[in-house]
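Heads up, the thing below is written out as structure tokens.
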Amino acid sequence: MIIDARQHWVCPNCDHAEVTAGADNRFHACPGLAGLLAPMVLDGVRARVRAVVREDYVGGEDVQYDGNGRPVMSVVTERDNGQDCAVFAPTAHVRSV
Ligand SMILES: [Zn+2]
């Protein structure tokens with residue numbers, strides 16, 4: 001018996017597709033989400049992947065911007081049985097004198 005463990009991944013926001021030998025989650029720089037690092041979903045799974053734009057003041061924090069210059073907080077994957085969230089946590093920085 002030969003077991004085919006390949007996983008077929010697609011992106012709902014662009015034409016990118018991959019085939020892997022394991023069940024690892026796949027991410028790619030998605031042109032459909034202005035270059036953000038976005039997850040792929042298993043082929044055949046109904047899902048929506050969307051970017052969540054930051055709505056509060058950025059100030060001096062280092063945040064993730066998309067290719068259109070918008071500050072993005074996270075990328076959310078919504079499926080029929082739940083959702084996942086990839087967070088772009090803002091970071092602080094210091095300057096030494
Ligand atoms: Zn994509």
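So the values come out like this:
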{"quantity": "Region 37-56 residues that are closer than 14 Å to residue 88 by Cβ, paired with ones that are away from the ligand (no atom under 12 Å from the Cβ) and among the aromatic types (Phe, Trp, Tyr) (beta carbon under 9 Å, 6 or more apart)", "calculated": "37/88; 54/88"}
{"quantity": "Filtered residue count, region 83-97, keeping only those that are outside any loop (DSSP other than H, G, I, E, B) and within 16 Å of the chain's Cα centre (by Cα)", "calculated": "5"}
{"quantity": "Residues of region 31-43 satisfying the condition of being assigned to a loop (DSSP other than H, G, I, E, B) and within 10 Å of the chain's Cα centre (by Cα)", "calculated": "35, 40"}
{"quantity": "Test: residue in region 44-63 that is in a strand (DSSP E or B), away from the ligand (no atom under 12 Å from the Cβ) and in contact with a Phe, Trp or Tyr (Cβ under 7 Å, 6 or more places away or on another chain)", "calculated": "no"}
{"quantity": "Some residue of region 22-30 being part of a loop (DSSP other than H, G, I, E, B), in contact with a strand residue (DSSP E or B) (Cβ under 6 Å, 6 or more places away or on another chain) and at pLDDT 95 or above", "calculated": "no"}
{"quantity": "Of all residues in region 57-97 being in contact with an Asp or Glu (Cβ under 7 Å, 6 or more places away or on another chain) and hydrophobic (A, V, I, L, M, F, W, C), the one that is farthest from residue 37 (Cα to Cα)", "calculated": "92"}
{"quantity": "Residue tally, condition within 13 Å of the ligand (Cβ to nearest atom), aliphatic (A, V, I, L, M) and surrounded by fewer than 16 Cβ atoms within 10 Å (Cβ to Cβ), over region 1-43", "calculated": "3"}
{"quantity": "Odd one out for residue 66, checked against (1) modelled with pLDDT under 90; (2) of a type in the set (Asp, Glu); (3) surrounded by 16 or more Cβ atoms within 10 Å (Cβ to Cβ)", "calculated": "(1)"}
{"quantity": "Qualifying residue in region 66-81 (condition: in a strand (DSSP E or B), in contact with a His (Cβ under 6 Å, 6 or more places away or on another chain) and either aromatic (Phe, Trp, Tyr) or touching a residue at least 12 places away in the same chain (Cβ under 8 Å) (or both))", "calculated": "no"}
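The values are calculated or read from the model by the stated rules, or taken from the named source; none is laboratory data. Only a predicted model underlies this, so the values are computations on that prediction, with no experimental measurement involved. Neighbour counts are summed over all protein chains in view; Cβ atoms, including those assigned to glycine, are modelled from backbone coordinates with ideal geometry.
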